[in-house]
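Asks: The structure is given below, and queries will be raised subsequently.
The values are calculated or read from the model by the stated rules, or taken from the named source; none is laboratory data. Since the model is a prediction, treat every value here as computed from it, not as a measurement. Glycine gets a Cβ as well: all are built from the backbone with ideal geometry, and neighbour counts include every protein chain shown.
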Amino acid sequence: MFDSQVAITSQKRPAESGWTALDERGERVIEESGEFRSAEGRLVTFSRYGQAAARRVVFHYGTPGTRHLSERATNVLARQGVQILVLDRPGYGESSRQPGRRIADVVDDVAMVADLHGWDRFAVWGGSGGGPHALACASLLADRVERCASVVGPAPYGAEGLDWIDGMSPGNVEEFDRALEGEESYRPLVERLAREAVEAVRSGEVPIGADYELPEADLAALRARLADPGFLERTIAMHTGGVDGWIDDAIALVRPWGFDPGAISVPVSIWYGPDDVLCPRAHAEWLLAHIPGAERRELPGGHILEDEDLDAIYRWLLLDQ
């Protein structure tokens, strides 16, 4: 299953101080952290949440992101009776960077951590920049993935018939323009955005700037999260603690993904918000038109997911478990 370079460590802890989520047996949902070394020697860090007997899901967070989940997220896991695995993609947290990685390259890491936990079969989903990574698993691990959800996630860059940046906010367009130019152009922008995000949260403001022109529903959701336990710590982990991962994610999104979404054979659902200005609805429409049998799921707002949205996603993922 593993070669001699693999090493495992594990540490269990509640996700946040003041944390209250209980699973369906009335027990706390604990974050169990671990790490291993890939065959080529990269360090990969991951977290598992939920009871070992619960239903199995792999989650790919957005860009930028962190494997350390909020109380809101763990409360949903407790309600739905789910255990999930969350990997820090290369360049995030303590996971070694993998310059030039493709979207498809995450699949080997997912397969290895699933093997480590004895997961032969599981569902997978990704939000925003994690959506393509979930689709990669559905395509390249079709014998293991039961169901896949891409949630407010983009279509491939350069896809035929899709104006990829149409409807995106100016801040998002600037990011992808820089990503297309390469790391030398993009890094200074990401480093500035990361610093500004952390400074904003420390000042009681949302971590996304005005040039992203978020709809009021998204801004309201972000303002509500400012009071969540551990929000500042997660903001730091996602932003200043994930600059390399953020850069490599965005560059991978605008380059060939390494798999064909049209060849996916497992059940897929595509979730989108009609008011989304970070990943406009046209991306969802392209995915729905090109992934065989993909199911449409419209969310009530924009890009930010509320608790009831997460409940709906997990209910769909677990239909066959």
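Asks: Test each condition in (1) of a type in the set (A, V, I, L, M); (2) assigned to a helix (DSSP H, G or I); (3) in contact with a His (Cβ under 9 Å, 6 or more places away or on another chain); (4) in contact (Cβ under 8 Å) with a residue 60 or more places away in the chain for Val124 and report the one that comes out false.
Replies: (2)
Asks: Can you name every residue in region 60-75 that is over 14 Å from Arg48 (Cα atoms) and surrounded by fewer than 24 Cβ atoms within 10 Å (Cβ to Cβ)?
Replies: So the first thing to find is which residues in region 60-75 are over 14 Å from Arg48 (Cα atoms), and the list is 62-65, 71-72, 75.
Answer for region 60-75, where residues must be over 14 Å from Arg48 (Cα atoms) and surrounded by fewer than 24 Cβ atoms within 10 Å (Cβ to Cβ): Gly62, Glu71, Arg72, Asn75.
Asks: Being within 29 Å of Arg144 (Cβ to Cβ), in contact with a Lys or Arg (Cβ under 7 Å, 6 or more places away or on another chain) and touching a residue at least 24 places away in the same chain (Cβ under 8 Å), is that true of even one residue in region 288-305?
Replies: No, there is no match, as no residue in region 288-305 is within 29 Å of Arg144 (Cβ to Cβ), in contact with a Lys or Arg (Cβ under 7 Å, 6 or more places away or on another chain) and touching a residue at least 24 places away in the same chain (Cβ under 8 Å).
Asks: Continuing with this model, one more query. Give me the pairs, please: first residue somewhere in region 145-162 and surrounded by 24 or more Cβ atoms within 10 Å (Cβ to Cβ), second residue anywhere and charged (D, E, K, R) and in a loop (DSSP other than H, G, I, E, B), beta-carbon distance under 7 Å, and either six or more positions apart or on two chains.
Replies: From residues that are surrounded by 24 or more Cβ atoms within 10 Å (Cβ to Cβ), the pairs are Val152/Asp276.
Asks: Give the number of residues within region 33-47 that are under 19 Å from the mean Cα position of the chain (by Cα), of a type in the set (D, E, K, R) and either at pLDDT below 95 or buried (at least 23 other Cβ atoms within 10 Å of the Cβ) (or both).
Replies: Matching residues across region 33-47 total 0.
Asks: Filter region 175-200 for residues that are over 24 Å from Asp260 (Cα atoms) and in contact with a helix residue (DSSP H, G or I) (Cβ under 7 Å, 6 or more places away or on another chain) and give the result.
Replies: Scanning region 175-200 gives Glu175, Arg178, Glu183, Ser185, Tyr186, Arg187, Leu189, Val190, Glu191, Ala194, Ala197, Val198.
Asks: Another question, if that's okay. Just checking, which of Asp228, Asp211 is closer than 21 Å to His68 by Cα, surrounded by fewer than 16 Cβ atoms within 10 Å (Cβ to Cβ) and over 19 Å from the mean Cα position of the chain (by Cα)?
Replies: Checking each option against the conditions leaves just Asp228.
Asks: What's the total number of residues in region 56-97 that are assigned to a loop (DSSP other than H, G, I, E, B), within 19 Å of Asp108 (Cβ to Cβ) and either modelled with pLDDT under 95 or touching a helix residue (DSSP H, G or I) at 6+ places or on another chain (Cβ under 7 Å) (or both)?
Replies: The initial filter retains those residues of region 56-97 that are assigned to a loop (DSSP other than H, G, I, E, B), namely 61-70, 81, 88-97.
From what is left, the residues that are within 19 Å of Asp108 (Cβ to Cβ) are 61, 67, 88-97.
Right, trim to either modelled with pLDDT under 95 or touching a helix residue (DSSP H, G or I) at 6+ places or on another chain (Cβ under 7 Å) (or both) and you get 61, 89-93, 97.
Result for region 56-97: 7.
Asks: Restricting attention to region 233-247, which residues are of a type in the set (A, V, I, L, M, F, W, C) and free of Cβ contacts under 8 Å to residues at least 60 places away in the same chain?
Replies: Of all residues in region 233-247, those of a type in the set (A, V, I, L, M, F, W, C) come to 236-238, 243, 246-247.
Selection gives Ile236 alone.
Asks: List the number of the failed condition for Leu317; all other conditions in (1) in contact with a Pro (Cβ under 6 Å, 6 or more places away or on another chain); (2) crowded, with 20+ Cβ neighbours inside 10 Å hold.
Replies: Only one criterion in (1) in contact with a Pro (Cβ under 6 Å, 6 or more places away or on another chain); (2) crowded, with 20+ Cβ neighbours inside 10 Å is unmet by Leu317, namely (1).
Asks: Also: Among the residues of region 260-284, write down those that are acidic (Asp, Glu) and more than 24 Å from Ala221 (Cβ to Cβ). Reasoning before the result, please.
Replies: Residues of region 260-284 that are acidic (Asp, Glu), as a first pass: 260, 275-276.
Passing the criteria: only Asp260.
Asks: Same structure, new question: Just to verify a result, which residue in region 234-263, among those that are under 17 Å from the mean Cα position of the chain (by Cα) and of a type in the set (Phe, Trp, Tyr), is farthest from His290 (Cα to Cα)?
Replies: Within region 234-263, the match that is farthest from His290 (Cα to Cα) is Trp246.
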